[in-house]
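> What follows is a structure written as structure tokens; I'll ask about it next.
No value in this document is a laboratory result; all are computed from the given coordinates. Being a predicted model, the structure only gives us computed values, none of them experimental. Methodologically, a virtual Cβ is constructed for each residue, glycine included, from the backbone with ideal geometry; neighbour enumeration extends over all protein chains shown.
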Amino acid sequence: MSESQLQAAFDPHQEWTPYSQAWYDQLKRVLGSAACRQLGFYVIPPEVIVSVVIPVYNERDTILEILRQVRDVPVRKEIVLVDDCSQDGTRDILKQLEDEERALLAAAAANGQPVPPTNRLTIVYHEKNRGKGAAVRTGFAAAKGDIVLIQDADLEYDPTEYPRLLRPIVQGQADVVFGSRFLGDQPHRVLYFWHYLANKTLTTLSNAFTNLNLTDMETCYKVFRREVIDEIGPKLAQERFGIEPEMTARVAHAGYRIYEISISYSGRTYEQGKKIGWRDGVKALWCIVRYGLFG
């Protein structure tokens, strides 16, 4: 069926919200349920709110663009930005966003209008630089949604893939979803061989201690049911990139159902601001053993 035929099958007078029941029913009527499953069309209940936790450190050049991309995803969500004491002007941008959010809430209250739950913005500030793990933990503590998702602020990961990542949780198949850069046929920028080798080594060692068969333990895209965050969130202790093997070990030891979904990846160079280094790899090894053995 062509795009014009598909559009003609819809009632032009009806406003269709993506992933709503009405939207899905129309697609199923036109395409059939089997095609909808294959194409990833499904219903996200209107009461479900996704918390997108975004650790931020010196991302002046990308923060507004990643925020725009996250806002454009057609799911109900709150966005939790955690500034880890940026020094490049990022904090000034966040302060402006905070002022805009405050003005929006004040205007809605003055007019007696409810504030739409989609894209509500919360910004938390660290007064000293502590690391990605600390920012993730702060974001988890501030998040109030039914599903919690981690998003980097550097444009390496594409927010348009949220619906695919959310699907196993929304449909009751999974408690945790990892987005894998090495699974399937999604676009993947070709960069550093030694980073790739280190990632595969760390993932293999993590699997040996957790008895999982992940392909990308170090991925940014980790998605959790609210109950998972409530259990593991208070236990998390790592301040930097050791948070990745720690989270993986904790959800594995707790026996949660874990799925992987293939994702695209547009990696950046150190000249573009990439922050992880060899010391983080050494610390990840320690965390794999520490949390793999003792939880």
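> Report, for the chain, the % of DSSP beta bridges that are antiparallel, rounded to 5.
20
> Then there is this: Give me the net charge for the shell around T122: Cβ to Cβ below 10 angstrom, other residues only, Lys and Arg +1, Asp and Glu -1.
Neighbourhood net charge equals -1.
> Rg to Rh for the stretch 86-188: what is it, with Cα atoms only and Rh by Kirkwood?
Reported Rg/Rh (Cα atoms, Kirkwood Rh): 1.01.
> Follow-up question, since we're still on this one. Tally Lys/Arg at +1 and Asp/Glu at -1 over every other residue whose Cβ is under 9 Å from the Cβ of I79; what's the total?
Residues near I79 contribute +2 overall.
> Which whole-number percent of Cα pairs in the stretch 144-216 have a distance greater than 14 Å?
More than 14 Å apart: 71 percent of the Cα pairs in the stretch 144-216.
> Report the normalised scattering of the stretch 185-260 as log10 I(q)/I(0) at q = 0.27 Å⁻¹, calculated by the Debye formula with identical scatterers on the alpha carbons.
-1.45
> Once the convex hull of the alpha carbons of the stretch 15-119 is built, what does its volume come to per residue, in cubic angstrom?
It is 125 Å³ per residue.
> Out of D83, D175, D185, any idea which swings most in a Gaussian network model of the chain, alpha carbons joined below 10 Å?
In the Gaussian network model the winner is D185.
> Right, here's the next one. When a/c is below 1.5 the answer is rounded, else prolate if a/b is larger than b/c, else oblate, so apply that to the stretch 127-252 with a ≥ b ≥ c taken from the square roots of the Cα gyration tensor eigenvalues.
Judged from the Cα gyration tensor, the stretch 127-252 comes out rounded (a/c under 1.5).
> Separate question: Going by a ≥ b ≥ c, the root eigenvalues of the Cα gyration tensor, does the stretch 28-84 fall in the rounded group (a/c under 1.5), the prolate group (a/b larger than b/c) or the oblate group?
prolate
> Counting only DSSP beta bridges with both residues in the stretch 156-262, tell me the antiparallel percent, nearest 5.
For the stretch 156-262, the DSSP antiparallel bridge percentage is about 40.
> What is the spread of the Cα atoms of the stretch 69-138 along each of their three principal axes, largest first, in whole Å?
40, 24, 20
> In whole Å, largest first, what are the principal axis extents of the Cα atoms in the chain?
59, 48, 37
> Quick one: Cα centre-to-centre distance for the stretch 130-155 and the stretch 217-262, in angstrom?
Here the answer is 11 Å between Cα centres.
> Residues with beta-carbon under 14 Å from that of D230, excluding D230: net charge, scoring Lys, Arg +1 and Asp, Glu -1?
Taking every other residue near D230 into account, the sum is +2.
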